[in-house]
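The values are calculated or read from the model by the stated rules, or taken from the named source; none is laboratory data. Since the model is a prediction, treat every value here as computed from it, not as a measurement. Here the Cβ positions follow ideal geometry from the backbone for every residue, glycine too, while neighbour counts run over all protein chains shown. Ligands, DNA and RNA are stripped out before the accessible areas are found, and what is left, the full protein with its side chains, is counted by its heavy atoms. Shrake-Rupley method; radii C 1.70, N 1.55, O 1.52, S 1.80 Å.
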Amino acid sequence: MHPGNDPPPHPAVPIRQSCPVPDANKSSPHDAPRVHPHAGTLKRLEKSSGSLAAQAIARMDETLPWYRAMPPENRSWIGLVAQAGIAAFTEWFRHPDAPQAISTDVFGTAPRELTRAITLRQTVEMVRTTIEVMESAIDEVAAPGDESVLREALLVYAREIAFATAQVYAQAAEARGAWDARLESLVVNAVLSGEADEGAVSRAAALGWNAPDNVCVVLGTAPDGDSELTVEAIRRAARHAKLQVLTGVLGDRLVVIAGGSSDPLQVAKSLIGPYAAGPVVAGPIVPDLLAATRSAQAAAAGLKACSAWQDAPRPVLADDLLPERAIAGDPSAREQLVEEIYRPLEEAGSALLETLSVYLEQASSLEGAARMLFVHPNTVRYRLRRVTDVTGWSPSDVRSAFTLRIALILGRLVDGDPPA
């Protein structure tokens with residue numbers, strides 16, 4: 001072909017320089033593992049952690065008498081806690097900026113029961129001993145020049161472990177407190193409802209109730225506000241009075257089962273502070289917790305009947321409210337009045353019953369009773385003293401005379417005596 005007939009050549013297209021595609025299989029210099037700034041110290045710390053734990057255990061055995069006296073199982077758990085503490089410090093030193101759950105790392109190796117086997121003070125001594133062993137080994141464990149760094153890290157870690165220890169015991173105390181409160185509420189409710197049995201006694205023993213000989217129940221109105229604060233105030237008052245108590249707020253009532261005193265009125269006076277305004281009634285003394293239902297029922301009946309005695313003292317004994325309780329329909333009060341007042345007078349002779357009845361009918365007049373009985377006033381006076389000796393209630397006292405009158409009425413109703 002003629003050169004002139006040849007097609008014109010293609011214009012020259014410049015070739016663009018392409019960027020190299022990175023190879024996924026090749027690592028970037030930025031991806032290289034970062035070397036720990038104190039790698040030498042870290043390596044030494046890892047190697048010596050076992051010996052440090054052994055030294056800590058040996059130091060505890062040497063300096064802590066309570067540790068030597070513990071069962072082998074608990075000592076082994078404490079050894080695991082010490083090892084976990086040193087291992088956790090090593091990991092913390094490796095990543096000082098990472099958040100560490102120290103309480104889980106250290107105390108999670110031991111069962112929850114260990115917090116009951118050793119006290120908070122003993123745990124602090126255990127932690128202090130372990131930290132002292134680690135501190136004494138700093139010069140040996142730290143690489144040259146890292147002594148101050150390791151010492152500072154150990155101080156910070158000791159602070160964190162102290163907070164973790166407090167947290168563990170605080171959580172255990174809260175859990176136990178909540179459980180104890182439920183357990184105590186069950187015992188108090190069982191006594192108040194008349195369902196106290198050996199199970200309630202066992203639960204009370206778990207709460208520290210040492211089965212005192214004399215027990216009574218005190219009832220009153222619970223104050224407004226946090227019931228836990230009220231219960232704690234009762235416990236403080238009981239400790240001051242050297243009483244054992246089981247207490248709880250049931251509805252609007254503050255119930256206290258108290259043991260350790262044979263004087264129920266003095267018990268009520270010692271514990272009256274946390275009660276709200278209104279009547280406070282102390283039930284009679286009973287021998288033990290199983291019999292406390294009787295004291296609780298008497299106190300409850302007395303609290304209900306208090307409105308009938310406007311001038312009742314505060315606190316007041318349930319037995320001082322026997323006439324009001326009897327009128328309100330309390331069968332135990334009626335029975336008590338008959339058995340403790342009417343029957344003894346009946347057994348002492350008809351003269352006492354007749355004299356007391358006439359004396360009360362004559363508006364407590366010695367001369368009027370003497371005229372009705374055709375005896376000398378001194379004879380009436382002597383017989384009334386005998387009534388006081390037999391019953392414990394004095395006919396010359398207005399309140400006692402009211403109680404005696406109700407007892408006579410109930411006794412006659414029981415016997416069905418026709419009117420004279």
Out of all Cα-Cα pairs in region 188-323, roughly what percent, to the nearest whole number, are more than 27 Å apart? 10
Eigenvalues of the Cα gyration tensor times 5, then square-rooted: what semi-axes does that give for region 39-97, in whole angstrom, largest first? 26, 11, 8
By the scheme Lys and Arg +1, Asp and Glu -1, what is the net charge of all other residues having a beta-carbon under 15 Å from that of Ser364? +3
Report, by chain and number, residues whose modeled amide H sits under 5 Å from the one on Ala137, excluding near sequence neighbours (fewer than 5 apart, same chain). none
For Thr221, other-chain or 5+-apart residues with amide H closer than 5 Å (H placed, Pro excluded) are Leu254, Ala276
Short version: ³J(HN,Hα) in whole Hz for each residue of region 59-65, in order, from phi by Karplus 6.51 cos²θ - 1.76 cosθ + 1.60 (θ = phi - 60°), x for Gly and Pro, what are they? 5, 4, 5, 7, 10, 10, x
Go ahead and run the numbers for FRET between Ala363 and Ser332, Cβ-Cβ distance against an R0 of 30 Å, rounding to 0.05. 0.45
Rounded to the nearest Å, the spacing of the alpha-carbon centers of region 371-420 and region 244-258 is 38
Most packed first (mean Cβ within 10 Å per residue), the peptides 250-256, 394-400 order as 250-256, 394-400
For Thr293, what accessible surface area do you get with a 1.4 Å probe? Give it in Å², rounded to 10. 20
Work out from phi, with θ = phi - 60° and the Karplus expression 6.51 cos²θ - 1.76 cosθ + 1.60, the ³J(HN,Hα) of each residue of region 304-321, listed in order in whole Hz, and give x for Gly and Pro. 5, 8, 4, 5, 7, 10, 5, 9, 4, x, 10, x, 9, 7, 4, 5, 6, 9
Sorted by average packing, counted as other Cβ atoms within 10 angstrom per residue and highest first, what order do 312-323, 52-63, 333-344 take? 312-323, 333-344, 52-63
Region 404-415 - phi-based ³J(HN,Hα) in whole Hz, Karplus 6.51/-1.76/1.60, Gly and Pro as x: 5, 5, 5, 5, 5, 4, 5, x, 5, 5, 5, 7
For region 173-275: relative contact order, % (alpha-carbon pairs under 8 angstrom, 6 or more apart): 31
Amide N of region 366-397 lying under 16 Å from the label point, which is placed 7 angstrom from the Cα of Ser350 along Cα→Cβ: 373-374
Once normalised by the length of region 250-343, the mean sequence separation of its alpha carbon contacts under 8 Å that are 6 or more apart gives a contact order in percent of 24
For peptides 214-222, 367-375, sequence by mean Cβ density within 10 Å, most packed first: 214-222, 367-375
Label point 7 Å beyond Cα of Ser202 along Cβ direction - residues of region 265-302 with amide nitrogen under 19 Å: 289-291
